[in-house]
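**Q** Next up is a structure, given as structure tokens.
Quick note: the coordinates plus some simple rules give every number you see, no bench work behind them. If you're wondering where the values come from, they're calculated on a predicted model, not measured in any experiment. FYI the Cβ positions are ideal-geometry reconstructions off the backbone, even for glycines, and counts take in every protein chain you see.
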Amino acid sequence: MPVPAALFLAQRASALVLAPLVLIHLGLAIYAIHGGLSAAEILARTQGSLGWSLFYGLFVVAAAVHAPIGLRNVLREWLGWKGVGVNLALAAFGVLLLVLGIRAVSAVTGI
Amino acid sequence: MSDTQDTLQVRVWRGGEDGEFQAFAVPRREHQTVLDVVTYIQRELDPTLAYRFACRVGMCGSCGMTVNGRPRWTCRTHVDTATGGSAVLELEPLRSLPVIRDLAADMTPFFEKWQAAQGRATGTRTRADDTHRIDPASPRRQAADAAIECINCGVCYAACDVVASDPDYLGPAALNRAWTLMNDDREGDRKGVLAAAMAGGGCHSCHSHGSCTEHCPVELNPSAGVAGLKRLSLLAMVGGKV
């Protein structure tokens, strides 16, 4: 599979996953704020929840795939940064998103 | 010559990449095309003006220029259309291509990318074989027919924002040709054509801005062709064929 085409596919596929997750996440955030839930009350609901752990775990993986590919395109087209350098930098950015995201999910769900 | 309604003020790009505009005053004529204006300047005012044309009837695709900021085929563009009724016409060579001199752009990168996109038919039969029967009503043939009348003028290439920012991008015309081959039952190397379209600088670089379709003088829709290639490419990847 040619790399540019594989990245195109990965970005579209991750967008397909992200679209409903983002909508649910935003709805959830608005619901939690309007409901006046405190941080402790939110954590009480998420701690130990396998469901929320899977939901946000999937979110993190999809975002870690999606964002670096888009950023790579922007850097290549606007700054002309091509070759191995940009690929390594964006791979590192993807790993950073993944690590920070999993760390956050783990803290919120305790799993 | 004074600036009256009978006179057109024309600013013409002179020199190479670092040239400058030169002003000419050209008599206004009814139904005058932009190419008529350029020809008048070369014949009557300055014989050293370099430009390119051949058929004058919108078939050869050689007279593309930037007219008042837009890429156009100059032989079929009326001055009124290009100027929007004002008395000033500004002419430059096609963008995103090297300038040879004055209004003549070097089309070499355009045709090199055409080849890089494998924009050429690969036959499967010899003259000893029977004619390949094609059903004109088949959906694939209709898709090919809708895209086949490209005159290689380079207007879409000069209009494309991605071509302007990404020197590797093959451009709308070359990919449109690849799309016609993908829909041509006589094509013997569809796999190769799709591989070329999927490589770096291929169909996945397109941002779907649609400038190619907006500016194509023969009203083709290269943007739809590139989208078709993206679709074929995704299907091939998901189906494990590449």
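**Q** Only counting other Cβ atoms within 10 Å, I'd like B:Ile151, A:Ile33 sorted with the fewest neighbours first.
**A** A:Ile33, B:Ile151
**Q** Cα axis of helix A:84-109 to longest principal axis of chain A: angle in degrees, 0 to 90, nearest 10?
**A** Its long axis makes an angle of about 10 degrees.
**Q** Sticking with this one: Using θ = phi - 60° and the Karplus curve 6.51 cos²θ - 1.76 cosθ + 1.60, what whole-Hz ³J(HN,Hα) does each residue of segment A:65-77 get, with Gly and Pro shown as x?
**A** 7, 5, 5, x, 5, x, 5, 4, 4, 4, 5, 5, 7
**Q** Same structure, new question: B:Gly64's amide H: which non-local residues (gap 5+, or another chain) put their own amide H closer than 5 Å, with H modeled 1.01 Å from N in plane and none for Pro or chain starts?
**A** B:Thr74
**Q** Averaged across A:5-14, how many Cβ atoms of other chains sit within 10 Å of each residue's Cβ atom?
**A** The per-residue average across the peptide is 4.
**Q** If you don't mind, another one. For segment B:158-174, what does the Karplus curve 6.51 cos²θ - 1.76 cosθ + 1.60, with θ = phi - 60°, yield as ³J(HN,Hα) per residue in whole Hz, taken in order and with x for Gly and Pro?
**A** 6, 7, 7, 5, 6, 4, 5, 9, 10, x, 7, 5, 5, x, x, 5, 5
**Q** Debye calculation, C-alpha points only, no solvent: report log10 I(q)/I(0) for segment A:3-109 at q = 0.12, 0.18, 0.24 Å⁻¹, in the same order as the q values.
**A** Here log10 of I(q) over I(0) equals -0.51, -0.92, -1.29.
**Q** Now a separate question. Amide H to amide H under 5 Å from B:Ile100: which residues, 5+ apart in sequence or cross-chain, H placed 1.01 Å off N in plane?
**A** Placed amide hydrogens put B:Ala105, B:Asp106 under 5 Å from B:Ile100.
**Q** At what distance in angstrom do the alpha carbon centres of segment A:63-82 and segment B:138-168 lie from each other?
**A** The distance from the Cα centre of segment A:63-82 to that of segment B:138-168 comes to 26 Å.
**Q** So what are the radius of gyration and Dmax for the Cα set of chain B, in Å?
**A** Answer for chain B, Rg first and Dmax second: 20.4, 69 Å.
**Q** Which distance in Å, rounded to a whole number, links the C-alpha centroids of segment A:1-31 and segment B:174-230?
**A** Going from one Cα centre to the other spans 26 Å.
**Q** Then there's this: Within a 10 angstrom radius of each residue's Cβ in B:197-205, how many Cβ atoms of other chains show up on average? Whole number is fine.
**A** 5
**Q** To the nearest 0.05, how large is the calculated FRET efficiency for B:Arg11 and B:Arg56 if R₀ is 22 Å and r is the Cβ-Cβ distance?
**A** Efficiency computed from Cβ-Cβ geometry: 0.45.
**Q** Students often check this: by mean Cβ neighbours within 10 Å, which of B:69-75, B:220-226 ranks highest, and how do the rest follow?
**A** My ranking of the peptides, most packed first, is B:220-226, B:69-75.
**Q** Which of the peptides A:20-29, B:174-183, A:57-66 is most tightly packed, and how do the rest follow, judged by the mean count of other Cβ atoms within 10 Å per residue?
**A** Order by mean packing, descending: B:174-183, A:57-66, A:20-29.
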